[in-house]
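To start, the structure under review is shown below, and the notes come after it.
The values are calculated or read from the model by the stated rules, or taken from the named source; none is laboratory data. Here the structure is a predicted model, which means the values were calculated and not measured. Neighbour counts run over all protein chains shown; Cβ positions are idealised from the backbone, glycine included. In case anyone asks, the SASA skips ligands and DNA or RNA and just uses the protein heavy atoms, side chains included. Shrake-Rupley method; radii C 1.70, N 1.55, O 1.52, S 1.80 Å.
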Amino acid sequence: MLRFRDYSIPKKLTWMNLLVSGTALLLASAGFFAYDLYNFRASTVRNLEIQAQIIGSNSVSALLFDDPHSAENTLSALRAAPHVMFAEIYAPDGRAFARYRREGSATFPPLLPIPTGEAQVYRFQGGQVALVRSITFQGKPVAKIYIRSDLQAMDDLEKNFGIIVITVFLMSLLATIWMSSVARRSIAEPIVRLAGTARIVLSEKNYSVRASPAGERNEIAILISTFNEMLAQIQEKDAALGQAHDRLEQQVHQRTAQLNAANADLEAFSYSVSHDLRAPLRHISAFSQLLNEEYGSKMEAGAQQYLNRIQGGVKNMGHLIDDLLKMAQIGRKELACVATDLNDMVKDVLADLQPECEGRQIDWRIGELSSVECDPGLVKQVFANLLSNAVKYTRRRELAVIEVGQVAEEGTPVIFVRDNGAGFDERYVGKLFGVFQRLHRAEDFEGTGVGLSTVQRIVKKHGGAVWAKGEVDKGATFYLTFTAKASSLVAGTKAAKATKATV
């Protein structure tokens, strides 16, 4: 059932008019009825008082000469008053001196005592009114007259008043309904039309519709006019926004096409350069090796040192070409995501790193990782680069500590790789994932500057993110997530179970 506040405006106006009119009419009727009832009671008492005075004055001689018959003749004049039911004259000793009783009247209550100092007393009870008045002669009471009248006139008054009230109420109801219809046409209907227009605008997002003008000069007309002006402004801005959106979409498509073309050219260039560099690099490596084998013993120490540098440069150049080829392949390769257990993947990477860890003290702290939807070949390369970096940059520690684990940040699992190695200055963290960007000297730590860039490409290709925190000579921590293309984690985050192994 609808509440009043949920009614439409026309219904509210109609009900408010009915309630206000009905309440005002009922209050006015109640006031008039109370006033008429009060006047009727006062008039009835006054009439009885006059009748008692007249009868008392006409009965004095009968009382003085002890003539009850004359007194009863005087009382019989009350037959002309149809509402008088009973009248009786009492002698001073309380004896009934004369009596009048209308036919069919029942017995009545006893005589009412007159308070001291009063000439009369009256009382309304049982649908009747009783009045007792003293009869005086020469200022002295000689008897009492007791008159009782019914209130049939008051009942008739109430009935007539009720008929009048009902008639007036019905006429007021009709007038209220007529006024409500007029108010509905001038007030409610324009507002209803305005609400209908607003509903169309909201549901269809059509700003070209307009509310019908009210045809009057009042607040509602101003409201409708303002609403239409607002719609016109919104329509204009919406059109401008649509044009700007179309232009932006076109620019995005153009920029995307240009970016894809540039990436394709860059990947093709890197792949081509890497392949083209291999042939001369193999020649340099082969001839330098032959030179060392045939003439190494005859060379001076300086020449031998130069030859070793050539061979070391060739080796570094080979690693750099391999890294460039891997990075170029990442861009061209489509993801083949499957449910992958990262714990087994980390174990495989540690097995591959075993030769690099020979002769070193490394405390491996491997926590429990979740399974994830990913391309296992690419993600294994991520862990291989991060863990090999951790092994490399902890080389100067007597006891290296390398930790792999998982935490949850705002409901998203975050994998981390932490070490106690050389660390880095966080002021240059922006260069950390750039191609050929290195934060350490090549004399201190070898490398090509491509590994972390490859990590970032792989993680972003999975829709995730990678970032790092570190401090010089206090280690570094790398964080990565797989959220978008990597779908959802297959298993929830488990409690970290640190497994220590000293190598």
Taking a ≥ b ≥ c as the square roots of the Cα gyration tensor eigenvalues, with a/c under 1.5 meaning rounded and otherwise prolate when a/b beats b/c or oblate if not, the range 114-235 comes out prolate
Counting only DSSP beta bridges with both residues in the range 353-437, what percent are antiparallel, rounded to the nearest 5? 60
By accessible area with a 1.4 Å probe, ligands and nucleic acids excluded, highest first: order of Trp15, Trp178, Trp467: Trp178, Trp15, Trp467
In whole Hz, the Karplus estimates of ³J(HN,Hα) for the range 401-416 (6.51, -1.76, 1.60; θ = phi - 60°; x where Gly or Pro) are 10, 10, 10, 10, x, 8, 10, 10, 10, 6, x, 9, x, 10, 8, 9
Roughly speaking, what is the stretch gain from Ala195 to Ala239, that is 0.36 nm per residue apart minus the C-alpha to C-alpha distance, in nm to one decimal? 13.5 nm
Cα-based shape type of the range 31-173, given that a ≥ b ≥ c are square roots of the gyration tensor eigenvalues and the cut on a/c is 1.5: prolate
The range 356-441, accessible area per residue, ligands and nucleic acids excluded (1.4 Å, Å²): 46
Points 7 angstrom from Cα along the Cβ direction at Glu426 and Asn292: gap in nanometres? 4.4
Restraint check, Lys205/Lys461; Lys347/Lys474; Lys347/Lys469; Lys431/Lys461, Cα-Cα greater than 31 Å: Lys205/Lys461
Using a 1.4 Å probe on the protein heavy atoms, what percent of the accessible area of the range 125-165 belongs to carbon and sulfur? 55
Restricting attention to the range 21-104, which chymotrypsin sites (Phe, Trp or Tyr not before Pro) occupy a DSSP loop and are surrounded by at most 13 other Cβ atoms within 10 Å? Phe65
Show me, for the range 466-482, the HN-Hα J-couplings you get by feeding each phi into the Karplus relation (A = 6.51, B = -1.76, C = 1.60, θ = phi - 60°), rounded to Hz, glycine and proline as x. 9, 8, 9, 9, x, 8, 4, 6, 10, x, 9, 10, 10, 10, 8, 10, 10
Using amide H atoms built 1.01 Å from N in the peptide plane, name the residues 5+ places from Ala98, or on other chains, whose amide H lies under 5 Å from its own. Ile89
For the range 1-102 the trypsin sites (Lys or Arg not before Pro) that pass both the DSSP coil test and the at-most-11 other-Cβ-within-10 Å test are Arg3, Arg95
Could you work out how much longer the chain between Lys140 and Ser76 gets when fully extended? Use 0.36 nm per residue separation minus the Cα distance between them, nm to one decimal. 20.5 nm
Please compute the volume of the convex hull spanned by the alpha-carbon atoms of the range 6-61 and report it per residue in Å³. 47
Diffing the range 235-245: the Karplus 3J(HN,Hα) column from phi (6.51, -1.76, 1.60, θ = phi - 60°), in whole Hz with x for Gly and Pro, holds 4, 5, 5, 5, 5, 5, 5, x, 5, 5, 4
With a probe of 1.4 Å, find how much accessible area the range 64-170 has per residue, and write the answer as a whole number in Å². 59
